[in-house]
Amino acid sequence: MDKVSMSWWGSGAAVNKKLGNASYALWGEGDPLLVDVSGLTAMQLASDGQLSRFKDVLITHVHSDHISGLCELGYARVNREGDWHPPVRVHTGSGAIMDDLIAIMEPMMQNQSRNDGRAFRAKFGDYFEISVGEEINIGGLPPIHLHKTRHAPGMDCYGIHVPDAGLWVSGDSVEVKALPKDTQLAFRDANGPNTKHAVHACVDMLRTLPYADNEITFLYHLGLDWREVDATGFAGKVLPGDVFVLDGEGYKHDKTNTFLYDSHPYDGPR
Ligand SMILES: [Zn+2]
């Protein structure tokens with residue numbers, strides 16, 4: 001088993017400022033992989049000075065709470081401090097997701113200026129390299145397998161499975177899949193608590209799963225009523241700033257920085 005760490009920047013549904021939008025980073029020995037980036041996530045990362053760190057981002061699907069910060073990620077990485085950095089590599093599970101992503105993002109990003117002030121007509125490829133496939137291999141991380149999940153009708157969407165680390169994430173999903181063998185830590189979309197939702201699972205659906213599986217499962221993508229969700233029987237709810245470390249023997253849950261991303265007091269001149 002390989003050691004893998006996971007930081008959650010946000011853990012909530014589309015409209016949830018307190019929990020932020022579901023997004024996390026995975027890293028091992030080398031560069032991190034960012035999974036999904038909303039505008040809110042991009043602002044959180046930027047305020048911590050971390051946005052331009054990411055060379056690789058996985059987009060699980062094209063709902064706005066998973067992609068709307070991609071522009072800022074590209075700008076931060078490519079234009080930062082006058083340098084022309086290598087572009088961000090964008091990974092998607094399918095060509096359909098990539099086609100949608102380019103069609104959505106390119107018009108928003110095309111009217112740009114270079115660092116010397118000259119305007120230019122940017123293409124998606126000026127900011128992003130494209131990588132399509134259901135397995136992601138990044139130096140320092142074990143292979144990341146993408147599994148297709150049922151979310152909005154007609155839309156491709158993926159969750160992730162890192163077998164060498166025992167990590168599994170449902171992705172946005174109304175489908176309740178069994179956990180793969182040897183899973184040590186799992187995360188499930190649980191938009192709720194009482195949502196009879198057509199595109200997300202809810203806690204009541206997840207309660208029907210085996211107790212041993214739920215014991216290692218954290219709930220995420222919770223809505224505005226997240227405080228009322230009864231997580232009894234589950235490992236708990238993910239909160240922004242939570243870090244998990246998988247070491248092959250199980251996992252450690254580090255809450256040192258939980259909710260600290262939005263704590264930047266200012267007492268300077270105004
Ligand atoms: Zn979604």
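Values quoted throughout were computed directly from the atomic coordinates according to the rules given, and no laboratory measurement underlies them. It should be emphasised that the depicted structure is a prediction, and the values quoted were computed from it without experimental measurement. Reconstructed Cβ throughout: ideal geometry from the backbone, glycine too, with neighbour counts over all protein chains shown.
Couple of notes before you dig in:
- In terms of its alpha-carbon gyration tensor, the stretch 4-260 comes out prolate; a/c meets the 1.5 threshold, and the first ratio a/b outweighs b/c.
- Straight-line cross-link reach from K177 at under 26 Å between alpha-carbon atoms covers these lysines, not counting any fewer than eight positions away in the same chain: K3, K148, K196, K237, K252.
- Residue-wise HN-Hα coupling along the stretch 8-20, computed from phi with Karplus coefficients 6.51, -1.76, 1.60 (Hz; x: Gly, Pro): 9, 7, x, 9, x, 7, 4, 10, 7, 5, 5, 8, x
- Note: relative contact order over the chain, using C-alpha pairs below 8 Å and six or more positions apart, is 18 percent.
- R0 of 22 Å, Cβ-Cβ distance N257-K17: FRET efficiency to nearest 0.05: 0.75
- Gain upon complete extension [R53, D213; 0.36 nm per residue less C-alpha separation]: 54.2 nm
- The calculated FRET efficiency for the pair E135 and M43, based on their C-beta separation and a Förster distance of 25 Å, comes to about 0.20.
- Hull volume in cubic angstrom per residue (convex hull over the Cα atoms of the stretch 69-220): 135
- Förster-model FRET efficiency, 41 Å R0, R121 and V245, C-beta, rounded to 0.05: 0.40
- The string of couplings for the stretch 88-95 from the Karplus curve (6.51, -1.76, 1.60, θ = phi - 60°) is 7, 8, 9, 9, 9, x, 9, x Hz, one whole number per residue in order, with x for Gly and Pro.
- Residues whose amide H lies under 5 Å from that of T60, counting only those 5 or more places away or on a different chain, are D36; hydrogens are built 1.01 Å from N in the peptide plane.
- Taking amide H as placed 1.01 Å from N in the peptide plane, K237 has its amide H under 5 Å from the amide H of L219, each at least 5 places away in sequence or on another chain.
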